[in-house]
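Asks: There's a structure below that I have some questions on.
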């Protein structure tokens, strides 16, 4: 079955047409999930972030600029939704940070990440504490500066740099542990 053109779907979404919303969701679900996964601890959380992001898309469709690619607009909404979830979780009273004593120092800092498959790397990053995972993804994947990350997350530039450094150190430990299993 032929899919309707994107502009037709967006117009339908603007009129709260449920069929258009479902078709848009179906068309961009895999893309949105791929964007959300690196920011979340597991696939279930990524689906929650994505569903919340699509709700924002449907309610804010009038703010979409058709001169820009829809995927870029959706990506920004998914990433910001993941950041908002992080902020919400930080306010929860039972939030626990990774104990610094658990991070083991490594002596070999030259281990290339290309020894891991994308799926293995994703699983490793999902094991990082949320603050570390966000800093790593926003800096290394999205290309934001530490100043921009600090502003988005409401932290200092130094905290952004520290979280990135700790994320990299923790990834090294996780990679070492993974190699010991094989």
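The values are calculated or read from the model by the stated rules, or taken from the named source; none is laboratory data. Since we're looking at a predicted model, the values are computed, not measured. Virtual Cβ from ideal backbone geometry, glycine too; neighbours counted across all protein chains shown.
Asks: Would you be able to say whether some residue in region 143-161 is surrounded by fewer than 18 Cβ atoms within 10 Å (Cβ to Cβ), over 23 Å from residue 81 (Cα atoms) and either over 13 Å from the mean Cα position of the chain (by Cα) or free of Cβ contacts under 8 Å to residues at least 24 places away in the same chain (or both)?
Replies: Scanning region 143-161 turns up at least one residue that is surrounded by fewer than 18 Cβ atoms within 10 Å (Cβ to Cβ), over 23 Å from residue 81 (Cα atoms) and either over 13 Å from the mean Cα position of the chain (by Cα) or free of Cβ contacts under 8 Å to residues at least 24 places away in the same chain (or both).
Asks: Return the residues of region 145-154 that are at pLDDT below 90 and in a loop (DSSP other than H, G, I, E, B); say none if nothing qualifies.
Replies: Of everything in region 145-154, just one residue is at pLDDT below 90 and in a loop (DSSP other than H, G, I, E, B), namely 154.
Asks: Within region 31-53, how many residues are without any contact (Cβ under 8 Å) to a residue 60 or more places away in the chain and crowded, with 21+ Cβ neighbours inside 10 Å? Please lay out each step first, then the result.
Replies: So in region 31-53, the residues without any contact (Cβ under 8 Å) to a residue 60 or more places away in the chain come out as 31-36, 43-53.
Retained after the next criterion (residues that are crowded, with 21+ Cβ neighbours inside 10 Å): 32, 35-36, 46, 49-50, 53.
So the count comes out to 7.
Asks: Something else now. Out of region 84-139, which residues are at pLDDT below 70, surrounded by 10 or more Cβ atoms within 10 Å (Cβ to Cβ) and not in a loop (DSSP other than H, G, I, E, B)?
Replies: Listed by number, the residues that qualify are 113, 115.
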